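Presented below is the structure to which this report refers.
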Amino acid sequence: MKGTDPLIRFLARRLINYVVLCLVAVFLAFTLASATFDPVGILQQRNPQPPAATIEAKWVELHLDQPVPQRFLTWIGGVVHGDFGVTVTSRPVADELPRRIGVSLRLFLIGTAVGMLLGVSLGAVSAIRQYRVSDHVATLFAFVVLSTPVFVIGTLLKQPAQQFNDLIGNNWLQTTGEYTPGFSGGWLAGLGDRLRYLIVPTVTIVLGQIAFYSRYQRSAMLDVLESDYVRTARAKGLPRRRALLKHGLRTALIPMATLFAFGFGLLVTGGTFTEKVFSWHGMGEWLIDGIGAQDANVVATVTLFIAVCVLVSVVLADVLYAALDPRVRA
C-alpha cells in the first residue's frame, strides 16, 4: 500500500483487524451455543415423542453429527453464499433475517442518531454552564434515566401516549407492534402508519442515549474548557462561543468517537427490552428467542449482525477520529 494516503492505510489496517475480531466473536458465540444447546433433546421431550426418523433427520439437518469446529466451518461457508443454516423448526434463517434487520435498524439508527446529537449538545451546554440551574437539571435528568431500567421507562411512556390519544380522541400514537396489520395504501400513507408505531419506542431509546452521552460529553468538555489552546484562541480575539465550538468542542469529541462506535453495537443487544416492551420483532428479540429454543444458528447469526454493526460503527468512528485529530491523519 506504498504511496497511498496515510489515512487510507490507517483505515485499511484497522478494517482488517476488525474483520478478524468479528470472525473470532462469531466463532466463540457459535462454539459456546453448540457446546451447550441440545435442540434434539428438547425435541425428544415432547409428548408424544416424534418418530425416530424425524429425530434422526433433525440431527443431520442441524449438522449435529459433526464436531463443533467442523460445524462452524460448514455454517460460515454457507454464510459466504448467503445461507445461514436453518432454525430448529427447519425454517431457513435467511428468510427471517432481512425483516429482522430492517426492524432493528429502523428502531435503533434513528434513536441512536437523535440521542447522540442531543446528548452531546446537552453535555456541552452543561459543561459551559457548570453548576448553574440548567446543569443541575441536566444532571438530575441523566441520573434518573440511567438508574431506571429501560423496560420501566418504556412502560411508563405508554401512559402519556395513551393520555395524548385520549386528548385528541384518536389512537394515533401506537405502543404495540410495528405497523397496522392488513394496512393498505400508498407508500406515503404506509410511512405515516409506521411513524405512529415508531415514535414512543424511539423516544425510549433517545432518553437513555441523551442521559448516557451527556454525562461523558460534559466530563470531556470540562477537561478542555481551561486548556491553553482555548485561552490562546480567546486571547487572540476569538469570541468565547466560537472558541469553545471550534477548539473546545472539537477536541472534546475525540474521546467520544470510540464511545459512539461501541455504544451502538451494545444498544442492539440492550434494545432487546425495548423490542419486547413494544412488541417489535427485531434482532434483539430473536436472540432471546433463539437462546430459549437452543438454536445455535440463530444465536450465531445475531452475533454476526452485532459484530458487523460494531465493525461499521468503529470504522466510522475511526474516520471521525481522523477528521477531528490531525495527528491521526499524519
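The values are calculated or read from the model by the stated rules, or taken from the named source; none is laboratory data. Just so you know, these numbers come straight off a predicted model, no measurement behind them. Reconstructed Cβ throughout: ideal geometry from the backbone, glycine too, with neighbour counts over all protein chains shown. In case anyone asks, the SASA skips ligands and DNA or RNA and just uses the protein heavy atoms, side chains included. Shrake-Rupley method; radii C 1.70, N 1.55, O 1.52, S 1.80 Å.
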So, V144, is that one under 18 Å from G282 (Cα atoms) and either surrounded by fewer than 19 Cβ atoms within 10 Å (Cβ to Cβ) or not hydroxyl-bearing (S, T, Y) (or both) or not? no
Give the number of residues within the range 169-220 that are free of Cβ contacts under 8 Å to residues at least 24 places away in the same chain and of a type in the set (A, V, I, L, M). 4
Out of T251, T303, I need the residue that is modelled with pLDDT of 70 or more, part of a helix (DSSP H, G or I), hydroxyl-bearing (S, T, Y) and buried (at least 20 other Cβ atoms within 10 Å of the Cβ). Which one? T303
Condition set of a type in the set (A, V, I, L, M) and either surrounded by 12 or more Cβ atoms within 10 Å (Cβ to Cβ) or touching a residue at least 40 places away in the same chain (Cβ under 8 Å) (or both), scope the range 56-71, selection farthest from D295 (Cα to Cα): answer is A57
Positions within the range 152-207 being charged (D, E, K, R) and over 18 Å from V103 (Cα atoms), in sequence order: K158, D166
Name, by its number, the condition in (1) within 28 Å of the chain's Cα centre (by Cα); (2) of a type in the set (G, A, S); (3) exposed (fewer than 10 other Cβ atoms within 10 Å of the Cβ) that does not hold for A53. (1)
Do we find a residue being open to solvent by less than 40 Å² (accessible area, probe 1.4 Å), in contact with a helix residue (DSSP H, G or I) (Cβ under 6 Å, 6 or more places away or on another chain), among the β-branched types (V, I, T) and not in a loop (DSSP other than H, G, I, E, B) anywhere in the range 190-201? yes
Which listed residue, of A124, A161, is over 19 Å from V277 (Cβ atoms) and either among the acidic types (D, E) or not in a loop (DSSP other than H, G, I, E, B) (or both): A124
Residue count, the range 261-283 (criterion: in contact with a Ser or Thr (Cβ under 8 Å, 6 or more places away or on another chain), modelled with pLDDT under 85 and part of a helix (DSSP H, G or I)): 7
So, T258, is that one surrounded by fewer than 19 Cβ atoms within 10 Å (Cβ to Cβ), within 28 Å of G284 (Cβ to Cβ) and modelled with pLDDT under 75 or not? yes
Out of the residues in the range 23-50 that are of a type in the set (V, I, T) and within 27 Å of the chain's Cα centre (by Cα), state the one that is farthest from V299 (Cα to Cα). V24
For the range 79-91, check the following and say yes or no: at least one residue is open to solvent by less than 40 Å² (accessible area, probe 1.4 Å), part of a helix (DSSP H, G or I) and either within 30 Å of F262 (Cβ to Cβ) or out of contact with any strand residue (DSSP E or B) (no Cβ under 7 Å at 6 or more places or on another chain) (or both). yes
Give the residues of the range 22-50 that are surrounded by 15 or more Cβ atoms within 10 Å (Cβ to Cβ) and either under 17 Å from W75 (Cα atoms) or not aliphatic (A, V, I, L, M) (or both), sorted by residue number. C22, A25, V26, F27, A29, F30, T31, L32, A33, S34, F37, P39
Residues of the range 149-174 satisfying the condition of being within 14 Å of V206 (Cβ to Cβ) and of a type in the set (V, I, T): V150, I153
Residue check for P98: part of a loop (DSSP other than H, G, I, E, B) and at negative phi: no
Which of the residues spanning the range 107-126 are open to solvent by less than 10 Å² (accessible area, probe 1.4 Å) and either over 15 Å from L259 (Cβ atoms) or touching a Gly at 6+ places or on another chain (Cβ under 6 Å) (or both)? L107, F108, G111, S126
If we ask which residues in the range 164-189 are out of contact with any Asp or Glu (no Cβ under 7 Å at 6 or more places or on another chain) and either among the hydroxyl-bearing types (S, T, Y) or part of a helix (DSSP H, G or I) (or both), their number turns out to be 11
Take the residues in the range 92-123 that are charged (D, E, K, R) and more than 27 Å from F141 (Cα to Cα), then tell me which one is farthest from the chain's Cα centre (by Cα). D95
